[in-house]
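Since the structure comes first, as structure tokens, the remarks are kept for the end.
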Amino acid sequence: MIATPENMNELGQEIGHSLRAGDVLVLTGPLGAGKTTLTRGIGEGLGVRGPVTSPTFVLARTHPSLTEGPPLVHVDAYRLASALELDDLDIDFSHSVVVVEWGAGMLDGVTESWLEVHIVRPEGGSENDLDDDLVEPRTVSIEGHGPRWRA
């Protein structure tokens, strides 16, 4: 259970510290669940140049590393229809850490390994991810797919 946006950011930082070039994450959850907040924390954990904001209008935004690590490529796949369209973005998957919001079902054939992060917020909750007056706990589950994440 993630109690606050700050806790979501901290979880992202922890995840970011463990990532390396070639890692791909798919974030799923409804509007306002905290996908961009988690990605912001991942960027902080990776040590990339910010600010990390939602790439809704540009589809993908690259944040270069400030620490000689891999860049973070933040993708909003909401308007993409298929893995082919994701592949058409010409993302350097092998040399970057790629976070794909709304990318469920789009990675087959694009990469062989990824982490799927499911974020659930309470039913009837606020759709505003940045609403400081309303803090609702989130449930986060992480599932690895492919050889990189086999235990």
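The values are calculated or read from the model by the stated rules, or taken from the named source; none is laboratory data. If you're wondering where the values come from, they're calculated on a predicted model, not measured in any experiment. Virtual Cβ from ideal backbone geometry, glycine too; neighbours counted across all protein chains shown.
Among the hydroxyl-bearing types (Ser, Thr, Tyr) and in contact (Cβ under 8 Å) with a residue 60 or more places away in the chain: which single residue out of THR28, THR62 fits that description? If you could, list the steps in order and put the result at the bottom.
Numbers: THR62 fails: in contact (Cβ under 8 Å) with a residue 60 or more places away in the chain.
Exactly one residue qualifies, and that residue is THR28.
Could you please give the count of residues in segment 74-99 that are out of contact with any Pro (no Cβ under 7 Å at 6 or more places or on another chain) and either at pLDDT below 95 or surrounded by fewer than 22 Cβ atoms within 10 Å (Cβ to Cβ) (or both)? Give the derivation first.
Residues of segment 74-99 that are out of contact with any Pro (no Cβ under 7 Å at 6 or more places or on another chain), as a first pass: 77-94, 98-99.
Those left that are additionally either at pLDDT below 95 or surrounded by fewer than 22 Cβ atoms within 10 Å (Cβ to Cβ) (or both): 77-94.
Count: 18.
Could you tell me whether segment 104-113 includes any residue that is hydroxyl-bearing (Ser, Thr, Tyr), under 25 Å from ALA3 (Cα atoms) and outside any strand (DSSP E or B)? If you could, list the steps in order and put the result at the bottom.
The initial filter retains those residues of segment 104-113 that are hydroxyl-bearing (Ser, Thr, Tyr), namely 111, 113.
Next, only the ones that are under 25 Å from ALA3 (Cα atoms) stay: none.
The answer is no; no qualifying residue exists.
Could you tell me whether segment 137-147 includes any residue that is within 21 Å of GLU14 (Cα to Cα), surrounded by fewer than 17 Cβ atoms within 10 Å (Cβ to Cβ) and at pLDDT below 85?
no
Of the residues ALA77, ALA81, ALA3, only one is without any contact (Cβ under 8 Å) to a residue 12 or more places away in the chain and farther than 17 Å from GLY146 by Cα; which? Step through it out loud before you land on a result.
Values: ALA77 fails: without any contact (Cβ under 8 Å) to a residue 12 or more places away in the chain; ALA3 fails: without any contact (Cβ under 8 Å) to a residue 12 or more places away in the chain.
Result: ALA81 is the single residue among ALA77, ALA81, ALA3 that is without any contact (Cβ under 8 Å) to a residue 12 or more places away in the chain and farther than 17 Å from GLY146 by Cα.
Does ALA60 qualify as being crowded, with 22+ Cβ neighbours inside 10 Å and modelled with pLDDT under 95?
Details: crowded, with 22+ Cβ neighbours inside 10 Å: no; modelled with pLDDT under 95: yes.
Criteria not met by ALA60.
Could you say whether any residue in segment 43-56 is among the hydrophobic types (A, V, I, L, M, F, W, C) and farther than 18 Å from LEU115 by Cβ?
Our first condition is that a residue be among the hydrophobic types (A, V, I, L, M, F, W, C); within segment 43-56, this holds for 46, 48, 52.
Cutting the leftovers down to farther than 18 Å from LEU115 by Cβ gives us none.
Among the residues of segment 43-56, not one is among the hydrophobic types (A, V, I, L, M, F, W, C) and farther than 18 Å from LEU115 by Cβ, which makes the answer no.
Of the residues GLU44, GLU68, GLU112, which is without any contact (Cβ under 8 Å) to a residue 12 or more places away in the chain and out of contact with any strand residue (DSSP E or B) (no Cβ under 6 Å at 6 or more places or on another chain)? Let's see the steps before the verdict.
Numbers: GLU44 fails: without any contact (Cβ under 8 Å) to a residue 12 or more places away in the chain; GLU112 fails: without any contact (Cβ under 8 Å) to a residue 12 or more places away in the chain.
Matching residue, one of GLU44, GLU68, GLU112: GLU68.
Considering only segment 13-57, how many residues are surrounded by fewer than 17 Cβ atoms within 10 Å (Cβ to Cβ) and among the acidic types (Asp, Glu)?
1
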